Amino acid sequence: MAANTPTWNWAADGSSCTTTFTCSANSSLTATVNADVTTSGYTATASVTFNGTSYTDTKSLVTNYNITYVLNGGTNASGNPSTYANNVGVSSFAAPTREHDTFGGWYDNANCTGTPVTSIPAGSSSDKTLYAKWTIDSCTVTWKNSDGSTLKTEQVNYGAYCGKELPVDVKLYGDANLDGSVTISDVTEIQRYLAELADFSDKQLLLADTNGDGTVDISDATHLQRYLAEYDVVLGKQTA
Ligand SMILES: [Ca+2]
Ligand SMILES: [Ca+2]
């Protein structure tokens, strides 16, 4: 039959193709044949011979895939792409940032184990999720005797004490409002500090860290409440 221009019916992934010819004199007459598909680079070529005439069609195999970043509280670098093309990949990723922490690489798993992901090679063919690994920055705290001499220095995770020189001649741990006794009003004062309604001096930061972990947060208010309720808890950093 005399055929008009064929219709090419590609598989989505370009791996196969059928070709439909329609009779130019009677469009109800069609013939569908399998084309031979070859690929070169990122182009697939379908070839078919029908009634002694050869026909070819091409399909691009370039596909864009998504990249998802799990930042765990960090801020991504603006240059990191949200997609990649499979014929190009991604040659490198920039480091995200998170305050007081050090970036430890991108990983393909939430536990950030194994080998860091530094690129996506050309030829990859799936959406990717990258997880940011973080290491908490640490700093040195110097504990001072009441005469000003150094008792000891200590490496602690970033927190309220960071970089501070702190006196150890303070006995009233929990006395966050510095009134000489440890009461529920100190819980309130810690909550005011956490709500940014009050500024704390270095001495207050030390006294307010009632669980002695180097930072002042809501767990210290809870710890102090438990102490006041006469649970068996001890206040403060046991230093001297
Ligand atoms: Ca007090
Ligand atoms: Ca604490």
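Every number here is computed from the coordinates shown, using simple stated rules; none is lab data. Since we're looking at a predicted model, the values are computed, not measured. No Cβ is skipped: glycine too gets one built from the backbone with ideal geometry, and neighbour counts run over all protein chains shown.
Using Cα-Cα distances under 8 Å and only pairs 6 or more residues apart, what relative contact order does the chain have, in percent?
It rounds to 10 percent for the chain.
Two decimals, Cα atoms only, Kirkwood Rh: what is Rg/Rh over segment 176-240?
That ratio is 0.92, to two decimals.
List the aspartates and glutamates whose Cα sits under 16 Å from the Cα of LYS59, skipping any in the same chain fewer than 8 residues away.
LYS59 reaches ASP13, ASP36.
Under a crude label model (7 Å from the Cα following the beta-carbon direction), how far is ASN66 from THR97 in nanometres?
Modelled inter-label distance: 2.8 nm.
Please compute the net charge surrounding THR68, taking Lys and Arg as +1 and Asp and Glu as -1 over other residues with Cβ under 13 Å from its Cβ.
So the environment of THR68 carries a net charge of -1.
What number comes out for the charge environment of THR102, summing +1 per Lys or Arg and -1 per Asp or Glu over other residues with Cβ under 12 Å away?
Residues near THR102 contribute -1 overall.
Under 19 Å from a label point 7 Å along Cα→Cβ of GLU154: give me every residue in segment 180-211 with its amide N that close.
Of the residues in segment 180-211, 201-211 have backbone N under 19 Å from the label point off GLU154.
Under 5 Å between amide H atoms, partner at least 5 residues away or on a different chain: which partners does VAL70 have, H built in plane at 1.01 Å?
The answer is LEU130, TYR131, ALA132.
Please turn the phi angles of segment 176-183 into ³J(HN,Hα) values with the Karplus equation 6.51 cos²θ - 1.76 cosθ + 1.60 (θ = phi - 60°), one per residue in order, whole Hz, x for glycine and proline.
Whole-Hz 3J(HN,Hα) from phi for segment 176-183: 5, 9, 6, 9, x, 9, 9, 9.
How high is the relative contact order of segment 175-218, given as a whole-number percent (alpha carbon pairs under 8 Å, six or more residues apart)?
Taking the mean separation of contacting Cα pairs over the length of segment 175-218, I get 37 percent.
How large is the convex hull of the Cα atoms of segment 7-60 per residue, expressed in Å³ as a whole number?
Spread over its residues, the Cα hull of segment 7-60 gives 72 Å³ apiece.
Please express the shape of the chain as an equivalent ellipsoid: the semi-axes are the square roots of 5 times the eigenvalues of the C-alpha gyration tensor, given largest first in whole angstrom.
Computed over the chain, the values are 72, 19, 12 Å.
Can you check what the net charge comes to around CYS17, using other residues whose Cβ is under 10 Å from the Cβ of CYS17 (Lys, Arg +1; Asp, Glu -1)?
Taking every Cβ under 10 Å from that of CYS17, the sum is -1.
On a full-extension model of 0.36 nm per residue, what is the gain between SER78 and LEU178, subtracting their alpha-carbon distance, rounded to one decimal in nm?
Using 0.36 nm per residue and subtracting the Cα-Cα distance, I get 31.4 nm.
For a quick protection proxy, order the peptides 34-44, 211-221 by their average other-Cβ count within 10 Å, most packed first.
Answer by packing, highest mean first, reads 211-221, 34-44.
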